[in-house]
Amino acid sequence: MLLISDRMLIRGGRPLTGRVRTQGAKNAALPVMAAALLLKGRRLRLSRVPDLQDIHTMADLLRHLGAEIEFKGGTMTIDVPEELKWETPSDLVRKMRASSLVLGPLVARCGKAVLPLPGGCAIGSRPIDFHLRALTRMGAEIDLEQGSVHARTDGLSATRINFDFPSVGATENILMTAALTEGETTIENAAREPEIVNLAESLRAMGAAIEGDGTGTILVRGKKYLDSAEVTIIPDRIEASTYLLAGVITRGHVRVDGIDPEYLEALTAKLEEAGAPVTASSDSVEVDCRGLNWNGVTLKTLPYPGFPTDVQPQIMAALCLADGTSVIHESVFDSRYMHVGEFRRMGCKIDIQGNTVVIAGVPKVSGAEVHASDLRAGAALILLGLAAEGETVVCSLKHVWRGYENLMGKLRSLGADIELLPDGESGDKFDGAGD
Ligand code: EPZ
């Protein structure tokens with residue numbers, strides 16, 4: 001059942017202690033769902049799919065295109081017909097940027113596609129020029145008309161693609177397109193995220209030959225047809241990071257189970273540097289900050305395996321309560337500091353200097369009414385509320401339900417004093433498309 005309340009009341013100041021199990025990764029499930037469109041009269045079965053708003057949005061998009069989808073208890077089956085629609089509905093695409101992941105599969109499968117351009121959002125302009133340039137190189141004709149991408153081809157060709165930036169979405173779009181394009185496609189300066197590897201594993205299970213996923217150079221030997229397959233979604237490293245930081249910021253003791261510690265190395269290295277003791281087993285990571293302070297650090301967000309931009313707001317929240325000064329440089333997005341204004345309302349001392357912020361640690365923050373501007377900013381505000389003195393109301397939770405499964409249940413199991421409020425008149429301070 002998806003929660004629809006839009007405001008959360010948090011009574012802060014309680015250390016969180018306990019264990020939570022990681023959900024399936026939102027950012028792995030979305031591209032793998034899109035990859036199902038490459039099938040023709042076949043079925044893709046996915047395990048460990050998280051029950052999130054974005055997953056339902058993608059399912060609705062695939063249904064609109066003609067797929068039949070069953071989703072129950074974390075297992076999803078996607079039956080893809082012989083004939084697919086290839087025009088995508090604006091209301092769904094504008095709701096979620098990840099809808100652009102159906103573009104490559106539709107062009108490869110149907111020879112054409114119409115996709116409304118995803119709007120910008122709270123974390124930057126978010127163009128898809130890398131996707132479009134790469135599809136053009138593979139032989140697609142791309143026109144932009146009335147705010148939509150019109151793509152068509154008489155046949156795609158395998159070729160060499162070199163990205164200016166290791167874009168996650170562009171790598172995923174071209175990986176899927178190349179999997180259904182006969183011949184050898186090489187993707188250079190490819191994204192290396194674990195979600196890319198999960199997609200490549202899924203495409204291999206469907207019959208494509210792919211090597212080098214997880215490195216900067218991926219080689220794809222595409223096929224004329226792909227076949228039914230069963231795939232398992234990897235754990236969500238961003239969700240896991242968020243709960244570890246909930247343990248840090250509340251000076252508690254939190255263990256996250258069902259996660260490969262290697263996925264979290266950039267975060268755990270930073271936590272160790274800050275003096276927050278981290279221990280790891282083969283499939284769990286825990287942090288024990290009971291009675292401890294942590295010191296400020298300097299960090300720069302980078303493509304994987306560097307520090308993940310999707311954990312930047314959450315670690316910023318923890319660093320606001322560090323002993324000393326921290327510096328964060330956001331190098332992946334051109335403006336991912338919408339949450340800073342809301343942090344300041346709770347007493348955080350943050351100075352924005354271009355794409356860098358300087359944070360002066362304070363001994364405490366105070367509860368306030370604050371608004372989530374996007375998914376990870378919302379998560380970070382909840383972390384601050386858990387550590388704050390007094391009551392915090394986090395509004396615009398619709399952003400948060402997109403990426404955190406059973407958030408209330410998991411936080412309560414760690415001892416958080418939280419409740420959902422009936423929607424107030426607060427409205428949505430930050431309007432705009434989702435990620
Ligand atoms: C994916 O977005 C994730 N979303 C994002 O997670 C994540 O922040 C991002 O990767 C970076 O890790 C999903 O996987 C669904 P990019 P994506 O293409 O693919 C620029 C979350 O909270 N760029 O790697 O859109 C872009 O503007 C979300 O779960 C272009 O200029 O990210 C950005 O500055 C937020 N042209 C940078 O590259 C393009 O054609 C990285 O973007 C594409 C991207």
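The values are calculated or read from the model by the stated rules, or taken from the named source; none is laboratory data. Quick caveat, the model's predicted, so the values are computed rather than measured. FYI the Cβ positions are ideal-geometry reconstructions off the backbone, even for glycines, and counts take in every protein chain you see.
Just to be sure, is A205 touching a Gly at 6+ places or on another chain (Cβ under 7 Å) and over 30 Å from V340 (Cβ atoms)? In short, no.
Evaluation of E184 against the conditions (1) in a helix (DSSP H, G or I); (2) over 24 Å from D236 (Cβ atoms) shows that the sole unmet condition is (1).
Screening K270 with (1) assigned by TED's automatic domain parsing to the domain that holds V168; (2) within 30 Å of K364 (Cα to Cα) gives one miss only, at (1).
All conditions in (1) assigned to a strand (DSSP E or B); (2) closer than 28 Å to R42 by Cβ hold for D143, with the sole exception of (2).
Of all residues in region 185-208, those satisfying the criterion of being away from the ligand (no atom under 13 Å from the Cβ) and either crowded, with 21+ Cβ neighbours inside 10 Å or modelled with pLDDT under 95 (or both) are T185, I187, A200, S202, L203, M206, A208.
Residues that are over 23 Å from E239 (Cβ atoms) and within 16 Å of the ligand (Cβ to nearest atom): does region 310-327 have at least one? Among the residues of region 310-327, not one is over 23 Å from E239 (Cβ atoms) and within 16 Å of the ligand (Cβ to nearest atom), which makes the answer no.
Listed here are the residues, each with its yes/no results for (1) in contact (Cβ under 8 Å) with a residue 60 or more places away in the chain; (2) outside any helix (DSSP H, G or I).
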| position | (1), (2) |
| --- | --- |
| M8 | yes, yes |
| P15 | yes, yes |
| G18 | yes, yes |
| N27 | yes, no |
| P50 | yes, yes |
| H64 | no, no |
| I69 | no, yes |
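The residue of region 102-136 that is farthest from the ligand (Cβ to nearest atom), among those that are assigned to a helix (DSSP H, G or I) and charged (D, E, K, R), is R109. The requirement of being of a type in the set (G, A, S), in the same structural domain as V32 (by TED's automatic domain parsing) and farther than 17 Å from I210 by Cα is satisfied by S148. Filtered by the rule that a residue be charged (D, E, K, R), in a strand (DSSP E or B) and touching a residue at least 12 places away in the same chain (Cβ under 8 Å), region 351-403 gives E369, E389, E391.
Restricting M58, M76 to those that are within 12 Å of the ligand (Cβ to nearest atom), within 30 Å of I259 (Cα to Cα) and modelled with pLDDT of 95 or more reduces the list to M58.
Here region 137-184 is the region considered, the condition is being among the β-branched types (V, I, T) and within 16 Å of the ligand (Cβ to nearest atom), and the residue that is nearest to W86 (Cα to Cα) is V149. Could you tell me whether region 166-176 includes any residue that is surrounded by fewer than 24 Cβ atoms within 10 Å (Cβ to Cβ) and part of a loop (DSSP other than H, G, I, E, B)? Within region 166-176, one or more residues are surrounded by fewer than 24 Cβ atoms within 10 Å (Cβ to Cβ) and part of a loop (DSSP other than H, G, I, E, B). Take the conditions (1) away from the ligand (no atom under 15 Å from the Cβ); (2) acidic (D, E); (3) in contact with a His (Cβ under 8 Å, 6 or more places away or on another chain); D374 misses just one of them, which is (1). Of everything in region 294-315, what is over 11 Å from I328 (Cβ atoms) and either in a loop (DSSP other than H, G, I, E, B) or modelled with pLDDT under 95 (or both)? Give them in sequence order. If the condition is that a residue be over 11 Å from I328 (Cβ atoms) and either in a loop (DSSP other than H, G, I, E, B) or modelled with pLDDT under 95 (or both), then W294, L302, P303, Y304, P305, G306, P308 are the ones that fit. Being modelled with pLDDT of 95 or more, surrounded by 23 or more Cβ atoms within 10 Å (Cβ to Cβ), outside the structural domain of P308 (by TED's automatic domain parsing) and assigned to a strand (DSSP E or B) is a property that does not hold for V254. When S373, S366, S331 are checked against the criterion of being small (G, A, S) and farther than 24 Å from P127 by Cβ, S366 stands alone in meeting it.
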